[in-house]
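The structure appears right after this line, and notes come after that.
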Amino acid sequence: MWNLPTQTNPNQVQPPPPAIVVDNEPEFEISKILDSKIDNQCRTCKLLYLVQWMGYEGTDKETSWILATKLRHMTKLVLDFHLAYPGKLGTLSRL
């Protein structure tokens, strides 16, 4: 006999996944990069990426703009974004 997963209540919101601790800092998993832009108000890194956070779908925290320097360890994700959208701002060489 198969154990079928129990159906969750469609009105019930699942809590987001917990942060992963890397170098004593909490980090959250990014599902994908949606966009990029230059923010001239930033003093250090002007390139920002709009990211979609894994596990936050349908919430007000689903997406946010983060500094490109925060994605240095996610080169595949950045490369995939720029291969899919070659006209978007930013390149790996700028990271």
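Summary of computed values
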quantity: Of all residues in segment 16-45 being open to solvent by 100 Å² or more (accessible area, probe 1.4 Å) and not charged (D, E, K, R), the one that is modelled with the lowest pLDDT; calculated: Pro18
quantity: Which numbered condition Thr63 misses (of (1) open to solvent by 80 Å² or more (accessible area, probe 1.4 Å); (2) touching a strand residue (DSSP E or B) at 6+ places or on another chain (Cβ under 7 Å); (3) among the hydroxyl-bearing types (Ser, Thr, Tyr)); calculated: (1)
quantity: Which numbered condition Lys37 fails, given (1) part of a strand (DSSP E or B); (2) without any contact (Cβ under 8 Å) to a residue 24 or more places away in the chain; calculated: (2)
quantity: Residue match in segment 39-48 (condition: aliphatic (A, V, I, L, M), in contact with a Ser or Thr (Cβ under 9 Å, 6 or more places away or on another chain) and closer than 21 Å to Gly87 by Cβ); calculated: yes
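The values are calculated or read from the model by the stated rules, or taken from the named source; none is laboratory data. Because the structure is a prediction, the values reported are computed rather than measured. Here Cβ is always computed from backbone atoms with ideal geometry, including for glycine, and neighbour counts include all displayed protein chains. The area values use the complete protein model at the heavy-atom level, side chains included, leaving out ligands, DNA and RNA. Shrake-Rupley method; radii C 1.70, N 1.55, O 1.52, S 1.80 Å.
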